[in-house]
Amino acid sequence: MKILNNKVALVTGAGSGIGLAIAKLYAKEGAKVIVSDINEEHGKSAVEEIKSEAGEATFIKADTSNPEQVEALVNATVETYGRLDIACNNAGIGGEQSTTGDYSIDSWKKVLNVNLDGVFYGCKYELTQMEKNGGGVIVNIASIHGTVAAPLSSAYTAAKHAVVGLSKNIGAEYGQKNIRCNAVGPGYIETPLLESASGDMKQALIAKHPMGRLGTSEEVAELVLFLSSDKSSFMTGGYYLVDGGYTAV
Ligand SMILES: NC(=O)c1ccc[n+]([C@@H]2O[C@H](COP(=O)([O-])OP(=O)(O)OC[C@H]3O[C@@H](n4cnc5c(N)ncnc54)[C@H](O)[C@@H]3O)[C@@H](O)[C@H]2O)c1
């Protein structure tokens, strides 16, 4: 029995890395999936991949840092598949690497705009739709940097901490409306986001994980699937790590 049968799911940033793995797993578990991304080529190819594995998916382009586009995305999801049961707000960027005193204001605004405002816009319009449905589930992709520092990435750390707080607030506000919301904190995951890291930097990152390796997108997707399904029916307002032990030491 597929655990997301008859569910409609929306994933942002689903053209690559963690979002792609989540969209594929949702579809494998029976959900009809809206694959959304700012990158049309990657989003369309994700849909092809899902369809080639007998899944159901549709691509809708949206820039999550633009509230009008996010509202239109949620409306288009409902026009396409009739409802919205599950939303994973995953789209995110790394941003500039500098100490906080040197961090440029433009970079700060850009990172906060995508990694925090974008998640808020998603939640705002998803919640409105889920209230109409009579329920739903939201999973926001934060990071281990929702609880520990990422030296040289203060905007990223600030945004991810805020995503954890936002998810707690939604959990508190919507507990009696049959809507659950949780945040996920991945450790460093082997995705295109880490492509710019040099070999030495990658080794240093690996060394921070007691398991002695980076994670995979599929390992993150398994936790997201659990939190998106009825198997986690008493879980809301939480923040769950999938980090190879990074935050344990
Ligand atoms: N890779 C890691 O080590 C890691 C660790 C913890 C958390 N995360 C988080 O996981 C999420 C996904 O990261 P990833 O590693 O898969 O990155 P990725 O770069 O592989 O994928 C991110 C996707 O988001 C899309 N995107 C970027 N800006 C967008 C926007 N404004 N609107 C819509 N789509 C946009 C990109 O086109 C891309 O397809 C991010 O929120 C990231 O912060 C990643």
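The table below gives the values:
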| read-out | value |
| --- | --- |
| Contact order normalised by residue count of segment 176-249, Cα under 8 Å, 6+ apart, percent | 52 |
| FRET efficiency estimate (nearest 0.05) - Cβ-Cβ, Asn169 to Asp102, R0 51 angstrom | 0.95 |
| MRE, 222 nm, helices only [DSSP H, n ≥ 4, -39500 (n - 2.57), over the chain, to nearest 500] | -13500 deg cm²/dmol |
| Descending Cα extents along the principal axes, segment 39-105, whole Å | 49, 26, 19 |
| Computed Rg/Rh of segment 166-249, alpha carbon atoms with Kirkwood Rh | 1.08 |
| P(r) tail fraction, the chain - alpha-carbon pairs more than 28 Å apart, % | 27 |
| Surface share of carbon and sulfur [accessible, 1.4 angstrom probe, percent] for segment 111-187 | 52 |
| Segment 1-156, relative contact order [Cα under 8 Å, separation at least 6], % | 23 |
| Fraction of accessible area attributable to carbon and sulfur, segment 1-48 (%, probe 1.4 Å) | 48 |
| Accessible area (Å², per residue) of the chain, counting only protein heavy atoms and a probe of 1.4 Å | 46 |
| Inter-label distance, nm, simple model (7 Å from Cα along the C-beta direction), Ala54/Ser198 | 4.9 |
| If the convex hull is drawn through the Cα atoms of segment 162-205, its volume per residue in Å³ | 87 |
| Relative contact order computed over segment 111-231 (Cα-Cα under 8 Å; 6+ residues apart), in percent | 26 |
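The values are calculated or read from the model by the stated rules, or taken from the named source; none is laboratory data. Note that the structure is predicted; figures quoted are calculated from it, not measured. Glycine also receives a Cβ, built like all others from the backbone with ideal geometry; neighbour counts cover every protein chain displayed. What goes into the accessible areas is simple: the full protein's heavy atoms, side chains included, and nothing from ligands, DNA or RNA. Shrake-Rupley method; radii C 1.70, N 1.55, O 1.52, S 1.80 Å.
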